[in-house]
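A.B. asks: Here you go, one structure.
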Amino acid sequence: MSLTLIRRPPGLQFGGVDVRQLADRAGHTPFFAYDRSAIDARIRELRRLLPSGMHLHYSIKANPMPAVVHYLAGRVDGFDVASAQEMAIALDAGTTPAAIGFAGPGKSHDDLRRAVASGVNVHVESETQLRLVTALGWELGVQPSVAIRVNPDFQVGQSGMRMGGGAAPFGVDVGQVPALLRELEAREVALAGFHIFWGSQCLHAATVIEAQRQSVELVLRLASGLTGPPRFVNLGGGFGIPYFAGETPLDVKAVCEAMHDWLPRLGERLPGIVPILELGRYLVGEAGIYVCRVIDQKVSRGKTFVITDGGLHHHLAASGNFGQVLRRNFPVVIGNRPDGVTRERCHVVGCLCTPLDRLADDIELPEAHIGDFVVVRQSGAYGRSASPLHFLSHPEPVEMLV
Ligand SMILES: *Cc1c(COP(=O)(O)O)cnc(C)c1O
């Protein structure tokens, strides 16, 4: 007679932990988990490729979980924030205020007051903001650190992908920059830097290279009338990650190599200036998963629906409603049976009463049962914080850094 051990087939490993164990740790589904070793590996690899002298900033809006920001604080050179609360998270992580850039088209008087009082770099995006910031400097008795966010006048990208060059609420048009510089001078405030943001989620190396080259040229033009070089120039980021079938990762090596073409010229023309690359999703997006549980399953007119306890209220982007034009499936797996051999075509949906709540359409997966875990990859950025958590009043997802 032989003893048979009850063995579960191996589940998806994430951050060195089985996804079922992660669920036990979270206490309930749905949850987001972020893998610190994956974030670390991503940054190490990027640092290896980046020319020395290039600073790396993290854009907190991609994932503002304080534990994530804290973890990144020792690994990047600074943070870009877009609200007073994000600024507070960056400061709480121990970041020096001079390494924090505060951008955003709608900064309120109170936001600006907090920013000036904290000593962070305020990226002004209008004449109103510039006047407010300098006035607040007087009121608070501090020299404000003012950078100008510029709406670039160049257009790069493949067919249909328009990045910059149009009317926008972000930044100030290139033609309006000289007037702002004069105004700063009249108020005896030195310009701290320029900020050029030309686009996001780009997987095409040639486009990123061209945008950076044009950003540098633009900055050299804008800075030609200044008495001294500004302290920094934020050249944007735009590094994308592959979300959908058929997408290929950005050739970051090529992008980093091309930086050698303009870095020396930038340094000669504007000695001491610090070039900054600001990245959000590229640093954290692939290091996160969203996990929900199958709570029902049914067939309607020949189609199988797998119904989960998650949905668009936690993960708007995976549902296809976060600015996507065409709805496509994020990578989805059955976490406790990733290699299951009996497979079926199904539609994975969330628990909300709206046809918009879809997690994967017409996808082939291992046959799912009630209690199984549905894992959505590429969920480390623009997940929880970019979703309408209160829509339909279901419980909120947990977040863990593992
Ligand atoms: C959102 C944003 C980013 C980050 O974009 P990712 O695509 O996540 O890298 C960087 N800079 C600015 C100004 C932004 O608004």
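The values are calculated or read from the model by the stated rules, or taken from the named source; none is laboratory data. Treat the numbers as computed from the prediction; the structure is a model and nothing was measured. We place every Cβ from the backbone using ideal geometry, glycine too, and count neighbours over all the protein chains shown.
A.B. asks: From (1) touching a Phe, Trp or Tyr at 6+ places or on another chain (Cβ under 7 Å); (2) in contact (Cβ under 8 Å) with a residue 60 or more places away in the chain; (3) within 15 Å of the ligand (Cβ to nearest atom), pick out the condition that doesn't hold for Ala211.
C.D. replies: If we test Ala211 against (1) touching a Phe, Trp or Tyr at 6+ places or on another chain (Cβ under 7 Å); (2) in contact (Cβ under 8 Å) with a residue 60 or more places away in the chain; (3) within 15 Å of the ligand (Cβ to nearest atom), just (2) comes out false.
A.B. asks: Return a yes/no flag: does the stretch 161-179 have any residue that is among the hydrophobic types (A, V, I, L, M, F, W, C) and either part of a strand (DSSP E or B) or not assigned by TED's automatic domain parsing to the domain that holds Gly228 (or both). Reasoning before the result, please.
C.D. replies: Step one: of the stretch 161-179, the residues among the hydrophobic types (A, V, I, L, M, F, W, C) are 161, 163, 167-168, 170, 172, 174, 177, 179.
Next cut, either part of a strand (DSSP E or B) or not assigned by TED's automatic domain parsing to the domain that holds Gly228 (or both) only: 163, 172.
The answer is yes, given that some residue of the stretch 161-179 is among the hydrophobic types (A, V, I, L, M, F, W, C) and either part of a strand (DSSP E or B) or not assigned by TED's automatic domain parsing to the domain that holds Gly228 (or both).
A.B. asks: Further question on the same structure: Taking the stretch 188-202 on its own, how many of its residues are in a strand (DSSP E or B) and either in contact (Cβ under 8 Å) with a residue 60 or more places away in the chain or of a type outside the set (Phe, Trp, Tyr) (or both)? Before you say what the answer is, go through the steps one by one.
C.D. replies: Filtering the stretch 188-202 for residues in a strand (DSSP E or B) gives 191-196, 202.
From the residues that got through so far, the ones that are either in contact (Cβ under 8 Å) with a residue 60 or more places away in the chain or of a type outside the set (Phe, Trp, Tyr) (or both) too are 191-193, 195-196, 202.
Of the residues in the stretch 188-202, 6 are in a strand (DSSP E or B) and either in contact (Cβ under 8 Å) with a residue 60 or more places away in the chain or of a type outside the set (Phe, Trp, Tyr) (or both).
A.B. asks: Among the numbered criteria (1) within 16 Å of the ligand (Cβ to nearest atom); (2) crowded, with 21+ Cβ neighbours inside 10 Å; (3) of a type outside the set (S, T, N, Q); (4) not assigned by TED's automatic domain parsing to the domain that holds Pro230, which one does Leu22 miss?
C.D. replies: Among (1) within 16 Å of the ligand (Cβ to nearest atom); (2) crowded, with 21+ Cβ neighbours inside 10 Å; (3) of a type outside the set (S, T, N, Q); (4) not assigned by TED's automatic domain parsing to the domain that holds Pro230, Leu22 violates only (1).
A.B. asks: Continuing with this model, one more query. Tell me the residue from Leu191, Leu184 that is away from the ligand (no atom under 16 Å from the Cβ) and within 12 Å of Val150 (Cβ to Cβ), please.
C.D. replies: Leu191
A.B. asks: Let me ask something additional. In this structure, does Phe373 turn out to be crowded, with 21+ Cβ neighbours inside 10 Å and over 23 Å from Gly246 (Cβ atoms)?
C.D. replies: Working: crowded, with 21+ Cβ neighbours inside 10 Å: yes; over 23 Å from Gly246 (Cβ atoms): yes.
Spelling it out, Phe373 is indeed crowded, with 21+ Cβ neighbours inside 10 Å and over 23 Å from Gly246 (Cβ atoms).
A.B. asks: From the set of residues in the stretch 51-64 that are hydrophobic (A, V, I, L, M, F, W, C) and touching a Leu at 6+ places or on another chain (Cβ under 7 Å), which is farthest from the ligand (Cβ to nearest atom)?
C.D. replies: Initial filter on the stretch 51-64 (hydrophobic (A, V, I, L, M, F, W, C)): 54, 56, 60, 62.
Now narrow it down to the ones that are touching a Leu at 6+ places or on another chain (Cβ under 7 Å): 54, 56.
On the way: Met54: 16, Leu56: 12 Å.
Once the filter is applied, the top-ranked residue is Met54.
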